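Q: I have a structure I would like to understand better, so I am pasting it below and will then ask my questions one at a time.
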Amino acid sequence: MLFFFAGISPINAQRAEITPGAERPELYLDLLKGKSVGIVANQTSILTHSQNKHVVDFLLEKGVNLKKVFVPEHGFRGDVDAGKKVDSSVDAKTGLPIVSLYGNNKKPSTDQIADLDIIIFDLQDVGVRFYTYISTMHYVMEAAAENGKKVIIFDRPNPNGDYIDGPVLKKGFESFVGMHPIPVVHGLTVGELAKMINGEKWLKGDLNCDLEVIPINNWNHQIAYNLPVKPSPNLPNDVAIRLYPSTCFFEGSIISLGRGTQFPFQVYGYPAKNFGEFTFTPVSIPGMSTTPPLQDQLCYGVDLRNEPVTHRFTLSYVIDALQKSGKGETFFKGYFNTLAGTDELKKQLLAGKTETEIKKSWEADLNNYKKLRANYLIYKD
């Protein structure tokens, strides 16, 4: 059905010992017996210890009564451009209905889950607030809670799970790229975040979802994790995934972050020579970025591809580009505040605050969040 993507770091010896929830059938097959099951899945939903077998194929082989597959942004095969509508369809291999949760509805309707007892969620997240898989999870939990269905999370490691940083989302700035009052880099797996969503009553109407998390074995928050499959079209490798919290803010600006190249989220630039000596030209790449910002324009900027995979969130790139642009307010698009989850960051940047000053301003919020987070951890920090 769906197999290995090129471009991701090879699985190392340490990672080979890590067993994601999907690869622990002894913990969940009995729960699925005699039940009608739906699953939220995409190209990342694989069992690497079984020759990269897709979880849908595995469940069908085990006799699970799998009725339909729900898919998030980027579609079932992970090849739909960011923000583009994902259409519902039928899987050619299994004949199962594919129900889009990134088209006309982002939340499963009552009709779409009426014939189900259990909904499995098995997507590889990257641990960043504005990555939309966790918003899809929220809506699945909410729909399940409203309709008396159970949700089982097949947990997977967070490749940015070893630290916490960034502004905490403020009330009034909720969107599909930020539904919860958590920092940009939140330091949780999807299973831990699901527990937090339940425990903090973040579902509509203070509902509580009947939730079970199938935990990862042999992983904690300080163990690095090389993703065996790229989680979305424009995160092709581990460096891109680690840079993503820092460079994604350029989505809310006039700057290119490399969409339309083979190294998105790993460079930044603009059509002005003072931005740097490195050059790149964004072009249309179907399946990655069909109409990238600054398409067909020669951009000058900075190449970040040699950043270590230990990279942590920084505002230095945005500060650098803002200063070089000389454009002030017009450097930003409205989407910037949506990504930031606050209007405070933009104000601080325009005021010329340093990264140290800005980070100090959200220190108290992060300390409060860390105390909250401790209540929902499944894995050791």
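The values are calculated or read from the model by the stated rules, or taken from the named source; none is laboratory data. From a predicted model like this one, the values you see are computed outputs, not experimental measurements. For neighbour counting, all protein chains shown are included, and Cβ atoms are generated from backbone atoms with ideal geometry for every residue, glycine included. What goes into the accessible areas is simple: the full protein's heavy atoms, side chains included, and nothing from ligands, DNA or RNA. Shrake-Rupley method; radii C 1.70, N 1.55, O 1.52, S 1.80 Å.
Q: Would you mind working out the accessible area per residue for the range 157-223, using a 1.4 Å probe, and quoting it in Å²?
A: Per-residue value: 33 Å².
Q: Next question. Between S361 and Q297, what length comes free when the chain is fully extended (0.36 nm per residue of separation minus the Cα-Cα distance, one decimal in nm)?
A: 19.3 nm
Q: Hey, another quick one. Would you calculate a helix-derived [θ] at 222 nm for the chain, using -39,500 (n - 2.57) for each DSSP H run of n ≥ 4 and dividing by the full residue count, to the nearest 500?
A: That comes out to -7000 deg cm²/dmol.
Q: Also, I was wondering about something else. Work out, step by step, the length gained on full extension between L27 and Y335: first 0.36 nm times the residue separation, then minus their alpha carbon distance; give nm to one decimal.
A: Full-extension gain reported as 106.7 nm.
Q: At a probe size of 1.4 Å, how large is the accessible area of D343, to the nearest 10 Å²?
A: Accessible area, nearest 10 Å²: 60 Å².
Q: Moving on to the next point. Give me the percent of the accessible area of the chain that comes from carbon and sulfur atoms, probe 1.4 Å, all protein chains in place.
A: It is 49 percent, rounded to a whole number.
Q: Additional query: How tilted is helix 316-325 with respect to the longest principal axis of the chain? Cα atoms for both, answer in degrees (0 to 90, nearest 10).
A: It is inclined by approximately 40 degrees.
Q: Would you please give the residues with an amide H less than 5 Å from that of V213, counting only those at least 5 places away or on a separate chain, with H modeled from the backbone geometry?
A: Distant-sequence amide H within range of V213: I153.
Q: Here is a further query. Helix 363-374 sits at what angle to the longest principal axis of the chain, using alpha carbons and giving 0 to 90 degrees rounded to 10?
A: For 363-374 against the chain, the angle is about 10 degrees.
Q: For T310 and D210, compute 0.36 nm times the residue count separating them, minus their Cα-Cα distance, and round to one decimal in nm.
A: Value of the extension gain: 32.4 nm.
Q: Compute the acute angle (0 to 90°) between the alpha-carbon long axis of helix 238-247 and the principal axis of greatest extent of the alpha-carbon atoms of the chain; round to the nearest 10°.
A: With both axes taken from Cα atoms, the answer is about 60 degrees.
Q: Size of the dipole of the chain about the Cα centre, Lys and Arg at +1 and Asp and Glu at -1 on the beta carbon, nothing else charged, in debye to 20?
A: 320
Q: Just the accessible area per residue of the range 225-381, please: how many Å² with a 1.4 Å probe?
A: It amounts to 42 Å² per residue over the range 225-381.
Q: Further question: Karplus couplings for the range 347-357 from phi (6.51 cos²θ - 1.76 cosθ + 1.60, θ = phi - 60°), rounded to Hz, Gly and Pro as x?
A: 4, 5, 5, 5, 7, x, 5, 7, 4, 4, 5
Q: Over the Cα atoms of the chain, what radius of gyration and what Dmax do you get, in Å?
A: 20.4, 65
Q: Moving on to the next point. Are any of the pairs K204/K370; K68/K230; K33/K53; K327/K360; K35/K170; K62/K204 more than 28 Å apart by Cα-Cα distance, and if so, which?
A: In this structure, K35/K170; K62/K204 exceed 28 Å between Cα atoms.
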